[in-house]
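The values are calculated or read from the model by the stated rules, or taken from the named source; none is laboratory data. Not measured: the values here are computed from a predicted model. Cβ coordinates were reconstructed from backbone atoms using ideal geometry, including for glycine residues, and neighbour counts include every protein chain displayed.
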Amino acid sequence: MNPWEQWLRSFALQIIELQLVVLAVAMILWPGNTRTKPSAFLWLENHFGRLARKKTLSVVVVGLTAIVLRGGLVPILAVPEPYYHDEFSYLLAADTFAHGRLTNPTHPMWKHFESFHINQRPTYMSMYPPAEGMILAAGQLLGHPWLGNLFVTALMCSALCWMLQGWLPPAWALLGGMLAVLRLGVFGYWINGYWCASIAAFAGALVLGALPRLKRNARAPDAMWMALGVAILANSRPYEGLVLSLIVAVPLLVWLAGPRRPRFPILLSHVITPIVLILAISAVATGYYNYRVTGSPLRMGYEVNRSFYSRARYFIWQGPSLPKPTYRFAVMENFYERTEFKYYSDNRTLVGFLKQSWAKIAWYWRFFLNPVLTIPLLALPWVWRDRRMRFPLLALGVFLLALAVETWFRPHYFAPATCLLYLVLVQGMRHLKHWHWRGRLLGPALVRAVPVICLFMVVLRVSAIEAHVIIEDPWPRGNIARAKLLRTMETWPGQHLVIVRYGPAHRFPDPEWVYNAADIDSAKMVWARDMGERDNQELMQYFRERKVWALCPEDLPLHLEPLSPSAQNDPNYVRALQ
């Protein structure tokens, strides 16, 4: 890929969206444009307002819109394939849960299957908390793991709408839910991958949406929603979820101790008891899961994995773990030492910290905002003057500071606070609606431009994909080569063992190929690392009933080299030679 094409794929969408914003603002400010209330917009707004007043229906419509929109685009965007280490790790958890197990026993040949973000000891399982794997497992039971991600993303958008209804008028809450559908429910790696970040955003919306409802009515269902959100956060994004939960606990405790609280019997039965009961059940369940995976209810799979493979620590103030781990494979040492540990070490210097902080801001801006959703932030001074909005703004600031001390970053780290961001954005749009310029009320037109541009960008991107115009990375997303080979070999008779041999130039973010199903021995395909002729023979003897192949992903076009007589005589291989 030449530099111009790479640059175009990286920034074309932002440039196009910026041009649309500039064009919209120019049209609004044009002196001859005095028609500020187009009849088409008024007609849409009237029907939109009628729907918004039916709050439960609005929540349902937002979720269904997300499912129909992204599901309807499957023929164009396709179902994504996994690419990154984390995705394969979550899929291992999904496969484990879908087969009715909490973890898997360590395989006798586990050294051949070592891979990133996966524990081989004391049990064979993903290193991550279980929430994301459970969502993907539900999808796997429905036919495909991605269906779980699709449905939880729709639930996230619905929950955002429900949360906003607790803070804002119904029409604005519905608008915020629809913006979430357009910005998070169609494109981006949350929906087009297997990270399942939407589950943490869903949980954050439950927590923040329950807060104003509890303070108004002290109803048991709202307390249950809040506790459920905290429990999900603890099992999806533990650190970020803890930060958000502590932030929300402050106004909740102030209310419980203040003069406006209900009588104690009501508080006990409607608020305290449901929250304590659900959190206690969640703590026991989480402890039992950790016990099954790591042998200790207080030790997470993440801790076990880092102790085996990495010296880099989760927070920048923590010193490196010692001693340096011993690696069996160069590809794993390259990742953990030359990529991950170097990044961690650089981030602990002042220059490196400032550099990475700027990269975080830029990445978050590109994922969540881009030019069009930057418009509502222009109203931040007016939002701050709104006393009811000071808590969300302060909470957002504290949450961002908590993210700043983490070593690594991706937009899904921010997922629990997505609801806070959308609350601030929609409230900013409410203030912008009253903007005057030179005696003209231009705010309504500016607010209308935001969802119109968001919708236009979806249409533009879909049209570009259909027309094969390059304005971003190609679709579908994921390690397509591995997925195609896997689908092809699954149609071949018998069971197969593929020994992967990487070339010396293989480096992250080149895709990883060695990932396996939860039940390795019964899987159609088993992927293993090359460990030299002697150790490979040990593995081949263990899988002596399988056809054994060698694969070097760097050799293009991809081809399999037969290593066993049964593979050499495989009719598919013979036909390929002919």
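Scanning segment 1-41 for residues being among the small types (Gly, Ala, Ser), in a helix (DSSP H, G or I) and at pLDDT below 75 gives a total of 2.
For residue 369, the requirement of being out of contact with any strand residue (DSSP E or B) (no Cβ under 9 Å at 6 or more places or on another chain), modelled with pLDDT under 95, surrounded by 13 or more Cβ atoms within 10 Å (Cβ to Cβ) and under 27 Å from residue 26 (Cα atoms) is not met.
Reported count of residues in segment 228-251, each being of a type in the set (A, V, I, L, M) and under 17 Å from residue 277 (Cα atoms), is 7.
Okay, residues lined up against (1) at pLDDT 95 or above; (2) surrounded by fewer than 24 Cβ atoms within 10 Å (Cβ to Cβ); (3) in contact with an Asp or Glu (Cβ under 8 Å, 6 or more places away or on another chain); (4) not in a loop (DSSP other than H, G, I, E, B):
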{"residue": "122", "(1), (2), (3), (4)": "yes, yes, no, no"}
{"residue": "133", "(1), (2), (3), (4)": "yes, no, no, yes"}
{"residue": "136", "(1), (2), (3), (4)": "yes, no, no, yes"}
{"residue": "141", "(1), (2), (3), (4)": "yes, yes, no, yes"}
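A count restricted to segment 342-358 and to residues that are within 28 Å of residue 324 (Cβ to Cβ) and either without any contact (Cβ under 8 Å) to a residue 24 or more places away in the chain or touching a His at 6+ places or on another chain (Cβ under 7 Å) (or both) stands at 8.
Across segment 278-326, the number of residues qualifying as in contact (Cβ under 8 Å) with a residue 12 or more places away in the chain, part of a loop (DSSP other than H, G, I, E, B) and hydrophobic (A, V, I, L, M, F, W, C) comes to 4.
Yes/no matrix, rows are residues, columns are (1) crowded, with 16+ Cβ neighbours inside 10 Å; (2) of a type outside the set (Phe, Trp, Tyr); (3) out of contact with any helix residue (DSSP H, G or I) (no Cβ under 6 Å at 6 or more places or on another chain):
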| residue | (1), (2), (3) |
| --- | --- |
| 470 | no, yes, yes |
| 478 | yes, yes, yes |
| 487 | no, yes, yes |
| 502 | yes, no, no |
| 517 | yes, yes, no |
| 520 | yes, yes, yes |
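Condition check: in a helix (DSSP H, G or I) and more than 20 Å from residue 192 (Cα to Cα). Does residue 156 satisfy that? Answer is no for this residue. What are the residues in segment 247-261 that are in contact with a helix residue (DSSP H, G or I) (Cβ under 7 Å, 6 or more places away or on another chain) and outside any helix (DSSP H, G or I), if any? 261, the sole residue that qualifies. On the given criteria, is residue 329 within 17 Å of residue 119 (Cβ to Cβ) and touching a strand residue (DSSP E or B) at 6+ places or on another chain (Cβ under 8 Å)? So residue 329 passes the test. Hey, can you tell me all the residues within segment 416-443 that are over 28 Å from the mean Cα position of the chain (by Cα) and farther than 13 Å from residue 175 by Cβ? 431, 434, 435, 436, 437, 438, 439, 440, 441, 442, 443 - these are the residues of segment 416-443 that are over 28 Å from the mean Cα position of the chain (by Cα) and farther than 13 Å from residue 175 by Cβ. Do you know which residues across segment 401-416 are touching a residue at least 12 places away in the same chain (Cβ under 8 Å) and either among the polar types (S, T, N, Q) or assigned to a helix (DSSP H, G or I) (or both)? Listed by number, the residues that qualify are 402, 403, 404, 407, 411, 412, 413, 414, 415, 416. Per the conditions (1) touching a Cys at 6+ places or on another chain (Cβ under 8 Å); (2) in contact (Cβ under 8 Å) with a residue 60 or more places away in the chain, the sole criterion not satisfied by residue 175 is (1). Determine whether residue 363 is assigned to a loop (DSSP other than H, G, I, E, B) and of a type in the set (Phe, Trp, Tyr). Criteria not met by residue 363. Picking from residues in segment 224-283 that are among the basic types (Lys, Arg) and more than 30 Å from residue 196 (Cβ to Cβ), the one that is surrounded by the most Cβ atoms within 10 Å (Cβ to Cβ) is 261. Against the list (1) of a type outside the set (S, T, N, Q); (2) in contact with a Lys or Arg (Cβ under 9 Å, 6 or more places away or on another chain); (3) over 30 Å from residue 179 (Cα atoms), the condition residue 379 fails is (3). Going through (1) hydrophobic (A, V, I, L, M, F, W, C); (2) touching a residue at least 60 places away in the same chain (Cβ under 8 Å); (3) buried (at least 21 other Cβ atoms within 10 Å of the Cβ) one by one, residue 202 falls short only on (2). None of 128, 90 is assigned to a helix (DSSP H, G or I), touching a helix residue (DSSP H, G or I) at 6+ places or on another chain (Cβ under 9 Å), at pLDDT 95 or above and among the hydroxyl-bearing types (Ser, Thr, Tyr) except 90. Against the criterion of being out of contact with any Lys or Arg (no Cβ under 9 Å at 6 or more places or on another chain) and surrounded by 15 or more Cβ atoms within 10 Å (Cβ to Cβ), residue 390 does not qualify. Looking for something closer than 25 Å to residue 86 by Cβ, at pLDDT 95 or above and buried (at least 20 other Cβ atoms within 10 Å of the Cβ) - is there at least one such residue anywhere in segment 448-462? Among the residues of segment 448-462, at least one is closer than 25 Å to residue 86 by Cβ, at pLDDT 95 or above and buried (at least 20 other Cβ atoms within 10 Å of the Cβ), which makes the answer yes. Given the criteria under 21 Å from residue 506 (Cα atoms) and either without any contact (Cβ under 8 Å) to a residue 12 or more places away in the chain or outside any helix (DSSP H, G or I) (or both), does residue 339 qualify? Taking the combined requirement at face value, the residue does not satisfy it.
Filtered by the rule that a residue be of a type in the set (Ser, Thr, Tyr), surrounded by fewer than 18 Cβ atoms within 10 Å (Cβ to Cβ) and within 14 Å of residue 309 (Cα to Cα), segment 332-346 gives a lone residue, 339.
Loosely packed, with under 13 Cβ neighbours inside 10 Å and at pLDDT below 90, is that true of residue 354?
Spelling it out, it is not the case that residue 354 is loosely packed, with under 13 Cβ neighbours inside 10 Å and at pLDDT below 90.
Only residues that are outside any loop (DSSP other than H, G, I, E, B) and over 23 Å from residue 417 (Cβ atoms): list them for segment 143-153, please.
145, 146, 147
Out of segment 446-498, which residues are part of a loop (DSSP other than H, G, I, E, B) and closer than 26 Å to residue 522 by Cβ? Reasoning before the result, please.
Residues of segment 446-498 that are part of a loop (DSSP other than H, G, I, E, B), as a first pass: 468-479, 491-495.
Of everything in segment 446-498, those that are part of a loop (DSSP other than H, G, I, E, B) and closer than 26 Å to residue 522 by Cβ turn out to be 478, 479, 491, 492, 493, 494, 495.
Here residue 536 clears all of (1) in a helix (DSSP H, G or I); (2) at pLDDT below 90; (3) surrounded by 14 or more Cβ atoms within 10 Å (Cβ to Cβ); (4) of a type outside the set (Ser, Thr, Tyr) except the condition numbered (2).
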